[in-house]
Amino acid sequence: MVTDKASDAQNDKLNVLKSTQTVVQIALEKLGYPDEVFELLKEPIRMMTVRIPVRMDNDAVKIFTGYRAQHNDAVGPTKGGVRFHPNVSENEVKALSIWMSLKAGIVDLPYGGGKGGIVCDPREMSFRELEGLSRGYVRAISQIVGPTKDIPAPDVFTNPQIMAWMMDEYSRIDEFNNPGFITGKPLVLGGSHGRESATAKGVTICIDEAIKKQGMELKGARVVIQGFGNAGSFLAKFMHDAGAKVIGISDAYGGLHDPDGLDIDYLLDRRDSFGTVTKLFNDTITNEELLELDCDILVPAAVENQITEDNADKVRASIVVEAANGPTTLAATKILNDKGTLLVPDVLASAGGVTVSYFEWVQNNQGYYWSEEEIEEKLYKVMTKAFNTVYNTAQTRRVDMRLAAYMVGVRKMAEAARFRGWI
Ligand code: GLU
């Protein structure tokens, strides 16, 4: 019995939906909203579970489970990525949709949050099987999505090719070409300059701002990045180009460490499309060891629940910037804050992706396209403003950066719901 209770408590701590709800509730309380606002915002307004039949290459039909969560559409259409991963669950997709709402609020986009996921392992699927799954998912959710309802995008293990199939399928259902249905598309299909590297660009801007606040310098700073997918790999490049020393990186199978700095260009060249590169080396460390390396800046850019109460104490970086969604548990957040680490939370640090997705959607709606420089300039303005709004809120309200970010992120949504007469 005791062990059951202990493992329940442990599961609760790793339950991303519960911990998100906890912080949303505290943020609303701090802002003076009544409990009914929390009741509205604690779960998505809409959650669809779908079953997707796909004819596999061996001719057998396999049935996949997928989800689409729409957290809140008081501000505008919901928006957020679709992940293809074996660990996708209903709870996770719900939490991810709430985080998207918060991101939209923090960078001030006219959206609410949404998120989708399919339980699958794309690393073990062929190109054609992935196409069938992507198209099947769009057919299954087509009634609740669309450019003025809910706009999908890439997330873990999904990419511009998958967005292209999804856009094509939706356009066929709609009977006209509809690029604004989805973002993260290839450039030739109405994608935006700068979208692929946008999350990492946003993280880089947050690192620059955080460095200034800590009175440090990026040049020569030792950076460790967990995860070598879209965010992690572009970030390694940006850090390397800015003169920082990337001394550790990892993928799902392990990590690489060199105190003198890794050869980032070589690693980028050798990584596969899922961000795997460490399999080519014998001398690897574990992901756990990577998080405890002696460094100045640590960027978890992989999956949830990586920094927990078990290892937070051993994190040696003075700045932690969350490029992944939900990499640090609440207990670990407290440990890091108590020891003076500047923790830049996911809902702020990773908001560059959805910001450039918004630019992509605007360009699709207006039919006029911006240059790479214009996108970069716009992203820079949005991210520096967001960082400083959250930082100043943390200072003036005497709360940590995560709670400050939630306070900033939830306010617009609560106000919009009030004006609409929902609460
Ligand atoms: N999946 C990304 C995120 O978690 C981007 C979402 C989007 O571009 O809509 O923020």
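Quick notes on this structure:
- Shape call, the stretch 222-267: gyration tensor on alpha carbons, a/c limit 1.5: oblate
- Relative contact order (%) - criterion: Cα under 8 Å, at least six apart; region: the chain: 17 percent
- Here the accessible area is traced with a 1.4 Å probe on the protein chains. For the stretch 13-136, carbon and sulfur cover 47 percent of it.
- In the stretch 23-88, taking the dipole from charged Cβ atoms about the Cα centre, the farthest positive-side position among PRO34, PRO77, ASN87 is held by ASN87.
- Here the stretch 228-327 is treated as a Stokes sphere of Kirkwood radius computed over C-alpha pairs; at 25 °C and 0.890 mPa s its diffusion coefficient rounds to 181 µm²/s.
- Carbon + sulfur, % of accessible area of the stretch 350-397 - ligands and nucleic acids excluded, 1.4 Å: 49 percent
- Surface accessible to a 1.4 Å probe, per residue, for the residues of the chain, Å²: 42 Å²
- Reachable lysines from LYS314, criterion Cα separation under 20 angstrom, eight or more residues apart if same chain: LYS13, LYS334, LYS339
- The relative contact order of the stretch 323-423 comes to 26 percent, based on Cα pairs under 8 Å that sit 6 or more residues apart.
- For the chain, the mean residue ellipticity at 222 nm estimated from helices alone is -14500 deg cm²/dmol, where every DSSP H run of n ≥ 4 contributes -39500 (n - 2.57) and the total is divided by all residues, rounded to the nearest 500.
- The chain, dipole about Cα centre (Lys/Arg Cβ +1, Asp/Glu Cβ -1), debye to the nearest 20: 1160 debye
- When the stretch 100-222 is described by a simple charge dipole with +1 on each Lys and Arg Cβ and -1 on each Asp and Glu Cβ, the residue from MET125, GLY215, ASN177 located farthest towards its positive end is GLY215.
- Under the convention that each Lys and Arg Cβ holds +1 and each Asp and Glu Cβ holds -1, the size of the dipole of the stretch 223-371 around its Cα centre is about 320 debye.
- Summary of packing: across the peptides 390-397, 345-352, 228-235, the per-residue average of other C-beta atoms within 10 Å ranks them, highest first, as 345-352, 228-235, 390-397.
- Ordering of 207-214, 132-139 by packing is 132-139, 207-214, highest average first (other Cβ atoms within 10 Å, averaged per residue).
- Entries of LYS103/LYS412; LYS30/LYS115; LYS18/LYS42; LYS185/LYS381; LYS201/LYS381; LYS115/LYS149 with Cα pairs more than 19 Å apart: LYS30/LYS115; LYS185/LYS381
- Among the lysines of the stretch 207-288, pairs that are 8 or more positions apart or on different chains and have alpha carbons within less than 18 Å of each other number 4.
- The stretch 175-278: C-alpha gyration tensor shape, a/c 1.5 cut-off, then a/b vs b/c: oblate
The values are calculated or read from the model by the stated rules, or taken from the named source; none is laboratory data. This one's a predicted model, so the numbers in the text were calculated from it and none came from an experiment. Virtual Cβ from ideal backbone geometry, glycine too; neighbours counted across all protein chains shown. The accessibility values were calculated without ligands, DNA or RNA, using every heavy atom of the protein model including side chains. Shrake-Rupley method; radii C 1.70, N 1.55, O 1.52, S 1.80 Å.
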